[in-house]
Every structure is written in C-alpha cells, then in structure tokens.
Amino acid sequence: MKKKNNRTQNFNFYWIYAGIALIFIALQFVNTVSSPLKKINKQKFLTEMLVENEVERVTIVNNEYVEVHLKKSAIEKEKHKSVNTNSSRLGNRPHYYFNVTSGEQFENDLKDFYKKNPNISVNDQIVPDVDTRKNVFGDLIGWIVPLVIMIGIWFLIMKRMSGGAGAGGSIFNIGKSKAELFDKDTKEKTNFNDVAGLEGAKEEVKEIVDFLKNPKKYTSLGGKIPKGVLLVGPPGTGKTLLAKAVAGEAKVPFFSLSGSDFVEMFVGVGASRVRDLFKTAKSKSPSIVFIDEIDAIGRSRGKNQITGANDERENTLNQLLTEMDGFGTNHHVIVIAATNRADVLDKALVRAGRFDRQIYVDLPELTERKEIFKVHTKNLKVSKDLDLDFLAKQTPGFSGADIANLCNESALIAARKNKKQISKQDFLDAVDRIVGGVERKNKLMTEEEREIIAYHESGHAVVSWMLRYAAPLVKVTIVPRGKSLGAAWYLPDERQITRSEQMLDEMCATLGGRAAEEIIYKKTSTGALNDLEKVSKQAKAMVLVYGFNEKIGNVTYYDSSGEQSFSKPYSEDTAKKIDMEIKKIIDIEYKRAKEILKKYQDSLTELAKLLLKKEVIFKEDLEKILGERKWPNVKKVKIQKSEK
C-alpha cells in the first residue's frame, strides 16, 4: 500500500511539472499572438519604405530594436496587406520592427542615408524617437524559470539520495535505512545446496540460522546466542553467496545492505540509518542483518585526525558499535558481515561481544572446486565424457566466482564454434582466455622476434622440467595473448606451506627465459620484464618476510596490521644488507638457470624449433625431447577429523 502511495505521489509530482511547463508555453504563445508585428530587415526599411515616403515615425526601443509606424496611405497598399488586415486591432501600435546593434549607430545610418538621397525633402525626413521599456513578463520568466529548475533539480537529487520511490520517495526519509528485506514471503531461490565447497563455513552459518529457529535448544544450557558473524576471505570466494543462502534458508526476516549504503554527504545521515536499521530489525526479531563490504564504514578510527571527511564515517561506526553491544541491545538480532579487508577493521568492531565469530572463507581446494563445477555445470549442456576431476586439477587458485566465469566462457566458446555440447577442449580454451587473455594471431612480428620468443619460452620449459620443486609444465605457446607475446603454462602444486628450496626452484625456472636469450644470442631483450618483477618480489619476500636469509637472520619486517608507516623498520646498514642479499639470491638462481640450459642446449634448440613450427606444444612433446620428468607429483592426503 505504501509503494502505491509513493507511485501516486511521484505521478502527481510529474503532472505538476508538466502543468507548469504547459503554462509557460501558453503564456509565450499568447504573447506571440498578441504582438502581430512583422519583422523586416534594416535594408528594406531604408531602400523601400523611406524612399517611397511610407513611414510616419520610428521609435528606438531599449537600444535593441526599432519600431516602424506606417502612414495611413501606405497601409492601404497591397504589399502591406498583412498589416492592413490587423490595422483596426493594432490602433497606435507599430506595424513593423527590425533589430539594431545600437540606437546611436542606427541614427548615424539614417543620417548617411539622407546624405546619399538629397532628393528627399527635409520635411519628409524622420527623426527617430527613443523609448525605454520594461518587459515585466520577460523579467518574471527570467528569474522564475531558473528558480523552478533549481528547485526541481534539488528535489530530484534529494529524492535520489533518499532512495527514490522504493525508500519512501521523500527527502524526509533520507535518514531511513536502505536495507532490503527478505522474509518467508520473499521468493529467494538461493539455498545451501547452491553453495558448494564451503563446508566449514556452511556449518557455522547453518548453526546461526538454527540459533534463531530453535533458541531454547541453546539457551536451556545457559548459553547465549552469538551477536555477530564476520565472513572474511579473498574476493569471489562466496561470502555474499553464503549470505544469500542464509536469506533463502532462514524463516526469519533477513535485512541485506552494503556498507556504502550508510555513507552520505550529509552529517548524521549514516548514524541515523544505522539506528533505523536496528530499530526495524528489533521490531521483527528474531532477525538477521547482513552488511556486505563492511570495511566501507568499519575502518579503524584515526588518532588526532583533523576534522574533515572521516568524521561522518566514524560517527556511523560509533553508532554501529553502540547498536551491536550497547545497553539497549536486543539479543535476538544477529549481524552477519562480509569483507576481504579484515586487517583494516576497527578493533572495537571485531572484538568478542560484537562479532563473536570470524569465519575465514578461503579459496577452494581440489575437491571443493569439483563440487563448485558440479553446481555451475548443472544447467549447461556438457558432453557426457567431461571429467570434472580433470577440470578441478586444471584450475588451482581459482575462486568460486572464477569457476562460474570459466563455465560461462566455455559455453560462449562452444556456441561460437556452433557446437551442440560443451566439450573438454572448450573448458581448456576458456582457462587460457581467462588466465592469458584473448589470442592475437594477427599481431605483427618479425621472424627474428618470433625466434627470440620461442627460445625464451623454451628456456622456461627446460629449466622447470629439470628442477624438482618447479611447477610441472602443461603447455608452451608463442601465440600472443593479452599483453604477453608468449607463455608457458604450469600446474602449480597446492601447498599449505612453502620451503626455501621450493621458492628458489620457482625463481630459477622464471629466470630460464632470460638465461636462454643470453646463451643463444649473447644478449638479452625487454621480454623478461614480468619475469624479473616476479623474481624480485619473491627474493624480497624471502629476505624481508619469511626470514630465509642467513645474514639478515630469523627476522621479519612484515606488518599484518596493515597500518602504513612512513619510516622503514630497519636501519640504513640493514637496508644495504637487504639489497645485497636480494641481488645475491637472484644472481645465484640466474647462474643456475644458465648452467642447466648449457647442459641441455641441444634440447633447448630442438624445442624452440618445434615451437616455431607448431606454435603450441604440450607436455607430451617435452617428454619426447627431454624424457620423462624425474620428479613425480607428491600424493595428497585428506586429513580426517578424529571422533571420540
């Protein structure tokens, strides 16, 4: 009923504006009709009317235009028929008018005209009158129209900021909450069956829903229902999807909004919206409030900050802290929040009593990725022999959102090829497209450049094949994709911890491309820029973060709090040692890569020539040239929970 009234108000509002516009148009029309003056040019006035002695008098009005009054004898002429028709209605009003740049200029033009036409007698010569008039209607329009437009724009801005028709459609509702309500009458189709892989997180969230459905089950033993749950994890891992599933499963009111919905340019609006949100949630308790991207308002409050833009955000945060754990807290309202920046949240917000539980939603493991593939391929027309285990192994590091995008891309690729079903190759092409970018086969390159790229990528392949801890190679290509001119695709192991020798082998394999260029051509190119950037970051992490360097020692300069510091946490002498150790690590691994390539230089050349011929080579091609890889993959075991 409320929405209908809002629509009626909006409908009336637009009719009012339309009515005002029609009134102004009507007034302009009446003004035009009531002034039947005919416009002429100054040349016609001088060369025809004055020469034929048809003008009785002229008047310069406001220094802008000249009104022309004709003699009665002239009005009766055929050429003045249009003004003759209205002559009775005109009375003493002028018959014609024309614009002038200035009255003084017109007077000078008139004098020059009479000098050039001495046959016109002095008695017939006209001396113009000067008149200054006020256009009341024009002045009224001049300030009323801009005023009405400004009021209309202001009204629309305030209406938009207050949430439009869906939020009440009134500027007086600007402090009202923008939360979207889901309850048992709302058709929310997402449920826990649509959330694959996040078993641990689902168990925690299911328990929250159960708290609200059966509170006595837990309170009978003296326990208290948790007040808040914070979902933390990388982007795309399913935090918001988990909240949607809660909305679909819960039989209690579910309020959903984003942290940015509290942010407004007006002072006090954010805090007002927080109060209104919890007031509404308490009135419908037991209920759940979900705040997505809570870091928009939950960032740490600064110390001794100059009064400015952050004051409003901090006031909003203060109100949220009070509502979550103040004297008037209602224990039947649970807050679920999601963020991928938990490190920047205020400590008072994440303490026990506000967010009692923090659930880390991590990137999916191998088995979890398989379950996610099952969900997203359920509505796709895939071939019967599609192996989801294989797809899960080919996508390490992919989030749930990445896998959803992958499935969609594979469907688009299959449709582009006019296929009836999506095959395994379509999924592999989709992986290449997402990771590397679109193929650019029409990119212009010289034969010399193609050869350099072939040796560069072959260098990566050979070195990684010969190292124990380097990621196993899948394929190598010299077809440009995205920004890269060539690529070597690996299938990295999913490790929970990384040792120093593993990082060193990865660095050595990364430097294999540049080392191959130096061995074959005795010079290097700019193609190794990304490799050098990656290796430099890894070496820096070994020294500064993980304490893998003997000279620097078991010290880390990593700050998990995320607070920015304008000074280095170490001395200048230590900084010099750090620079030297980083360079030393890179130099040693580069030298090791060159030694491997010199030992297998014939295989390097053979592989590069094959790559120039086929453009894309796979693991099987490397096995033919380099032999079977000596280092088998480590078998993974799943840790089972012990039950007593």
Would you say residue 444 is of a type in the set (A, V, I, L, M, F, W, C) and in a helix (DSSP H, G or I)?
-> no
Could you tell me which residue of segment 215-233 is nearest to residue 349 (Cα to Cα), considering only residues that are of a type outside the set (S, T, N, Q) and without any contact (Cβ under 8 Å) to a residue 60 or more places away in the chain?
-> 223
Collect the residues in segment 519-544 that are out of contact with any Phe, Trp or Tyr (no Cβ under 9 Å at 6 or more places or on another chain), open to solvent by 10 Å² or more (accessible area, probe 1.4 Å) and part of a helix (DSSP H, G or I), keeping them in residue-number order.
-> 526, 527, 529, 530, 531, 532, 533, 534, 536, 537, 538, 540
Just checking, which of 591, 644 is modelled with pLDDT of 85 or more and either in a helix (DSSP H, G or I) or more than 24 Å from residue 480 (Cα to Cα) (or both)?
-> 591
Within the set of pairs 6+ apart or on separate chains, which have a first residue in segment 375-402 that is in contact (Cβ under 8 Å) with a residue 24 or more places away in the chain and of a type in the set (A, V, I, L, M), a second that is crowded, with 16+ Cβ neighbours inside 10 Å and not in a helix (DSSP H, G or I), and C-beta atoms under 6 Å apart?
-> 375/196; 380/422; 382/422; 401/236
When residue 599 is run through (1) open to solvent by 90 Å² or more (accessible area, probe 1.4 Å); (2) modelled with pLDDT under 90; (3) under 25 Å from residue 500 (Cα atoms), the failure sits at (2)
Positions within segment 222-246 being open to solvent by 10 Å² or more (accessible area, probe 1.4 Å), closer than 23 Å to residue 354 by Cβ and of a type in the set (A, V, I, L, M, F, W, C), in sequence order | 225, 232
Evaluate segment 485-494: report whether one residue or more is among the aliphatic types (A, V, I, L, M) and loosely packed, with under 15 Cβ neighbours inside 10 Å.
-> no
Of all residues in segment 568-579, count the ones that are closer than 24 Å to residue 533 by Cβ and loosely packed, with under 12 Cβ neighbours inside 10 Å.
-> 3
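Residues that are assigned to a strand (DSSP E or B) and over 30 Å from residue 232 (Cβ atoms): does segment 430-439 have at least one?
For segment 430-439, residues assigned to a strand (DSSP E or B) and over 30 Å from residue 232 (Cβ atoms): present.
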So which residues in segment 350-366 are basic (Lys, Arg) and in contact with a Lys or Arg (Cβ under 9 Å, 6 or more places away or on another chain)?
-> 354
Identify, by number, the condition in (1) surrounded by 12 or more Cβ atoms within 10 Å (Cβ to Cβ); (2) modelled with pLDDT under 90 that residue 604 doesn't meet.
-> (2)
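Select from segment 332-355 the residues that are open to solvent by 70 Å² or more (accessible area, probe 1.4 Å) and either of a type outside the set (A, V, I, L, M, F, W, C) or modelled with pLDDT of 85 or more (or both) and list them in ascending order.
Selection gives 332, 341, 347, 351.
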Taking the condition open to solvent by less than 70 Å² (accessible area, probe 1.4 Å), acidic (Asp, Glu) and touching a strand residue (DSSP E or B) at 6+ places or on another chain (Cβ under 9 Å), does residue 409 pass?
-> no
For residues in segment 76-86 being in contact with a helix residue (DSSP H, G or I) (Cβ under 7 Å, 6 or more places away or on another chain) and open to solvent by 20 Å² or more (accessible area, probe 1.4 Å), which is modelled with the lowest pLDDT?
-> 84
Checked pairs for segment 340-361, first of a type in the set (Asp, Glu), second assigned to a strand (DSSP E or B), C-beta under 8 Å and 6 or more apart or across chains, list as 346/299; 356/228; 356/229
Taking into account only those residues within segment 607-625 that are out of contact with any Leu (no Cβ under 9 Å at 6 or more places or on another chain) and open to solvent by less than 20 Å² (accessible area, probe 1.4 Å), which is nearest to residue 514 (Cα to Cα)?
-> 608
Looking only at segment 321-331, and only at residues there that are at pLDDT 75 or above and of a type outside the set (A, V, I, L, M), the one that is most open to solvent (accessible area, probe 1.4 Å) = 322
Among (1) more than 19 Å from residue 354 (Cβ to Cβ); (2) within 26 Å of the chain's Cα centre (by Cα), residue 216 falls short only on (2)
Test: residue in segment 548-561 that is loosely packed, with under 15 Cβ neighbours inside 10 Å and modelled with pLDDT of 90 or more | no
Is there a residue in segment 499-511 that is open to solvent by less than 40 Å² (accessible area, probe 1.4 Å), modelled with pLDDT of 85 or more and in contact with a Ser or Thr (Cβ under 7 Å, 6 or more places away or on another chain)?
-> yes
Residue 437 vs. criteria under 20 Å from residue 618 (Cα atoms) and within 28 Å of the chain's Cα centre (by Cα) | yes
Positions within segment 448-484 being modelled with pLDDT of 85 or more, part of a loop (DSSP other than H, G, I, E, B) and either open to solvent by 40 Å² or more (accessible area, probe 1.4 Å) or among the small types (Gly, Ala, Ser) (or both), in sequence order = 468, 469, 470
Subset tally (residues that are out of contact with any strand residue (DSSP E or B) (no Cβ under 9 Å at 6 or more places or on another chain) and within 30 Å of residue 520 (Cβ to Cβ)) for segment 414-453 | 13
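Matching residues to (1) at pLDDT 70 or above; (2) over 46 Å from the mean Cα position of the chain (by Cα); (3) at positive phi:
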| position | (1), (2), (3) |
| --- | --- |
| 129 | yes, yes, no |
| 142 | no, no, no |
| 163 | no, no, yes |
| 170 | no, no, no |
Residues that are of a type in the set (Val, Ile, Thr) and closer than 30 Å to residue 411 by Cβ, drawn from segment 335-383 = 361, 367, 372, 375, 377, 382
Note on segment 377-404: residues closer than 24 Å to residue 492 by Cβ and either of a type in the set (Asp, Glu) or open to solvent by 70 Å² or more (accessible area, probe 1.4 Å) (or both) are 387, 389, 393, 402
For segment 87-96, does any single residue satisfy the condition of being modelled with pLDDT of 75 or more and either touching a Lys or Arg at 6+ places or on another chain (Cβ under 8 Å) or exposed (fewer than 11 other Cβ atoms within 10 Å of the Cβ) (or both)?
-> yes
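The values are calculated or read from the model by the stated rules, or taken from the named source; none is laboratory data. The structure presented is a predicted model; accordingly, all values stated were derived computationally and were not measured. Please note: Cβ atoms are built from the backbone with ideal geometry, for glycine as well, and neighbour counts cover all protein chains shown. Just so you know, the surface numbers come from the protein's heavy atoms only, side chains and all, with ligands and any DNA or RNA stripped out. Shrake-Rupley method; radii C 1.70, N 1.55, O 1.52, S 1.80 Å.
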